[in-house]
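*Asks:* Mind having a look at this structure? Questions to follow.
The values are calculated or read from the model by the stated rules, or taken from the named source; none is laboratory data. Everything numeric here is computed off the predicted structure, so don't read it as measured data. So basically every Cβ, Gly included, is an ideal-geometry build from the backbone, and we count neighbours across all protein chains shown. Just the protein is used for accessible areas: all its heavy atoms, side chains included, with ligands, DNA and RNA removed. Shrake-Rupley method; radii C 1.70, N 1.55, O 1.52, S 1.80 Å.
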Amino acid sequence: MKRVAILISGGGSNMLRLVEDMTGDHPARPVLVASNDPQAAGLGRAASLGIATAAVDHRDFPRDRAGFEAALLQPLLAARPDIICLAGFMRILTPDFVQRFAGRMLNIHPSLLPKYPGLNTHARAIAAGDAQAGATVHQVTSDLDSGPILGQARVPVHPDDTVQTLAARVLVQEHRLYPAVLRRFAAGDRTPVLL
Ligand code: GAR
């Protein structure tokens, strides 16, 4: 059974979908949910499901990314994860941190990568007049949002879409995509999931 740690920064809806899926014949189980924000709503949600949680406030480490990551590593290493899932984790990780978990850290990003790495993905898709938007799950490498793609889900962009309506449509698909990718990945299958 693979051990999965999930890093979040906010509500953690993707984290909850991953956790919900990790039962029965699933090849993995959640061992830790950690956040850079002690107020992240997802922490309470994970704790209420009986999952160990940890919070390391990045604001306690101003201009000290290495110090923040060293503090985050303590609960993370103690949990002995085989796989780390970034699920709405909004801190950029250093190459050192990424390297430590090379080949076993996943991220979900709300665009059809390689389009729109970084922030404001939905606004950029709407401004570009794109007919489709979506989400991507990829392996994390030290280049932002650009590791090998493990799955993508597409949605139409409607002419009257706002950032909010498009984000909501994409999020529904994120909730299908990430569990499907993690299931395959934990079983050793790297075939991309295409929804
Ligand atoms: C999701 O839409 C995820 O794709 C995005 O943040 C949201 C988190 O929602 N991630 C990024 O933008 C990463 N750069 P959640 O906390 O409800 O899962």
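*Asks:* Can you spot a residue in the stretch 116-124 that is at pLDDT 95 or above and more than 14 Å from the ligand (Cβ to nearest atom)?
*Replies:* Scanning the stretch 116-124 turns up no residue that is at pLDDT 95 or above and more than 14 Å from the ligand (Cβ to nearest atom).
*Asks:* Keeping to the stretch 85-115, report how many residues are within 14 Å of the ligand (Cβ to nearest atom) and under 16 Å from the mean Cα position of the chain (by Cα).
*Replies:* So the count comes out to 18.
*Asks:* Ok, one more. Suppose we keep only residues that are under 21 Å from His138 (Cβ atoms) and of a type in the set (Val, Ile, Thr) within the stretch 54-84. Which one would you say is farthest from the ligand (Cβ to nearest atom)?
*Replies:* If we take residues in the stretch 54-84 being under 21 Å from His138 (Cβ atoms) and of a type in the set (Val, Ile, Thr), then Ile83 is farthest from the ligand (Cβ to nearest atom).
*Asks:* Considering the stretch 1-48 alone, what residues qualify as being open to solvent by 50 Å² or more (accessible area, probe 1.4 Å) and under 20 Å from Asp189 (Cβ atoms)?
*Replies:* Hits for the stretch 1-48 are Met1, Lys2, Arg3, Arg17, Thr23, Gly24, Asp25, Arg29.
*Asks:* Now for a different question. Can you name every residue in the stretch 1-51 that is in contact (Cβ under 8 Å) with a residue 40 or more places away in the chain, out of contact with any strand residue (DSSP E or B) (no Cβ under 8 Å at 6 or more places or on another chain) and more than 11 Å from the ligand (Cβ to nearest atom)?
*Replies:* Glu20, Asp21, His26 - these are the residues of the stretch 1-51 that are in contact (Cβ under 8 Å) with a residue 40 or more places away in the chain, out of contact with any strand residue (DSSP E or B) (no Cβ under 8 Å at 6 or more places or on another chain) and more than 11 Å from the ligand (Cβ to nearest atom).
Residues checked against (1) open to solvent by 10 Å² or more (accessible area, probe 1.4 Å); (2) in contact with a helix residue (DSSP H, G or I) (Cβ under 6 Å, 6 or more places away or on another chain); (3) free of Cβ contacts under 8 Å to residues at least 12 places away in the same chain:
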site	(1), (2), (3)
Ala135	no, yes, no
Asp145	yes, no, no
Gly151	no, yes, no
Pro159	yes, no, yes
Leu166	no, yes, no
His175	yes, yes, no
Leu194	yes, no, no
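*Asks:* Give the stretch 91-106 a look and list any residue that's over 18 Å from Ser9 (Cα atoms) and loosely packed, with under 14 Cβ neighbours inside 10 Å, or say none.
*Replies:* Matches in the stretch 91-106: Pro95, Asp96, Gln99, Ala102, Gly103.
*Asks:* Kindly provide the set of residues from the stretch 125-137 that are within 14 Å of the ligand (Cβ to nearest atom) and touching an Asp or Glu at 6+ places or on another chain (Cβ under 7 Å), ordered by number.
*Replies:* Ala135
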